[in-house]
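Working notes for the structure below.
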Amino acid sequence: MINRIAILQPSYIPWLGYFDQINRVDTFIFYDDVLYTKNDWRNRNKIKTSQGATWLTIPVDIHNRLTNHLLIKDAPLADEDILKKHLKAIELNYKKAPFFKEFFPILTLLFSEQYIFLSDVNISIIKAISDFLGIKKINFLKSSDLDIVNENPTDRLIDICKKLKATHYLTGNSAKNYLDEKLFAKNGIILEYQEYIHPTYKQLWGDFVPYLSVIDLIFNEGYNSLKILSNKK
């Protein structure tokens with residue numbers, strides 16, 4: 001029986017390819033007990049405005065912290081009002097989108113919650129978006145709950161796969177540069193690369209801009225979004 005998993009760090013309102021991975025696996029693991037990296041996809045992403053793509057960034061409180069020892073799950077928010085500011089920016093730029101009325105109330109609830117840690121923000125949003133997209137029968141887990149002690153990057157991934165009895169491990173193309181494919185094969189795990197092709201879709205504000213947050217797709221395409229991001233339109 002095939003048991004396919006993906007392991008990705010929890011990112012802020014991620015891009016389309018992130019949700020394509022979620023949609024293609026049986027179990028999705030939020031890789032939250034690895035080192036936090038500054039100014040990365042963990043705490044920011046892009047939306048489209050009348051002036052082009054712009055960043056939405058969540059400041060992380062790293063004051064008096066050793067950033068080279070800060071795990072993703074322990075990265076705290078530095079601005080408790082930042083999500084309200086982001087919600088206002090989203091409303092301003094997508095209020096004329098075809099599916100604004102269907103999707104914006106969901107974001108309003110999510111962005112109105114009180115969060116302490118960045119990973120909690122990201123995981124809550126990713127789960128809610130997955131539900132709106134119609135991704136079914138997906139099991140979400142956090143790597144920090146799996147008690148994996150191996151510190152070697154490839155060995156850690158393999159240990160997670162083995163603990164969850166995974167037969168297939170789905171990962172992005174960039175992993176070709178650092179994964180030991182022979183080690184996966186030795187442990188009886190089939191390594192699959194995503195090979196993602198970014199689709200085009202209807203957008204506001206002029207020429208098409210790729211690699212934005214998935215919310216841009218949802219506001220414009222609504223309930224067709226999963227088919228589009230899966231390249232099945």
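The values are calculated or read from the model by the stated rules, or taken from the named source; none is laboratory data. Values in this document were obtained by computation on a predicted structure and should not be read as measured data. As a convention, Cβ positions derive from the backbone with ideal geometry for all residues, glycine included, and neighbour counts pool all protein chains shown. With ligands, DNA and RNA removed, areas are computed over all heavy atoms of the protein, side chains included. Shrake-Rupley method; radii C 1.70, N 1.55, O 1.52, S 1.80 Å.
Some notes on this structure:
- Residues within segment 156-186 that are surrounded by 14 or more Cβ atoms within 10 Å (Cβ to Cβ) and of a type in the set (S, T, N, Q), tallied: 2
- Segment 162-184 residues that are farther than 14 Å from Q21 by Cα, paired with ones that are among the hydroxyl-bearing types (S, T, Y) and part of a helix (DSSP H, G or I) (beta carbon under 9 Å, 6 or more apart): Y178/T154; L179/T154; D180/T154; L183/T154; F184/T154
- Whenever a residue of segment 93-107 is surrounded by fewer than 19 Cβ atoms within 10 Å (Cβ to Cβ), its partners that are assigned to a loop (DSSP other than H, G, I, E, B), lying with C-beta atoms within less than 7 angstrom and at least six residues away or across chains, give the pairs K96/L204.
- Residue match in segment 133-155 (condition: open to solvent by less than 20 Å² (accessible area, probe 1.4 Å) and modelled with pLDDT under 95): yes
- Filtering K85, K46, K73 for residues that are among the basic types (K, R) and either more than 27 Å from N173 (Cβ to Cβ) or touching a Lys or Arg at 6+ places or on another chain (Cβ under 7 Å) (or both) leaves a single hit, K85.
- Within segment 93-123, tally of residues that are farther than 25 Å from Y36 by Cα and in contact with a strand residue (DSSP E or B) (Cβ under 8 Å, 6 or more places away or on another chain): 2
- Taken over segment 192-213, the criterion of being farther than 19 Å from K96 by Cβ and hydrophobic (A, V, I, L, M, F, W, C) is satisfied by I197 alone.
- Each residue in segment 195-233 was checked for being assigned to a loop (DSSP other than H, G, I, E, B), in contact with a strand residue (DSSP E or B) (Cβ under 6 Å, 6 or more places away or on another chain) and open to solvent by less than 20 Å² (accessible area, probe 1.4 Å), and 1 pass.
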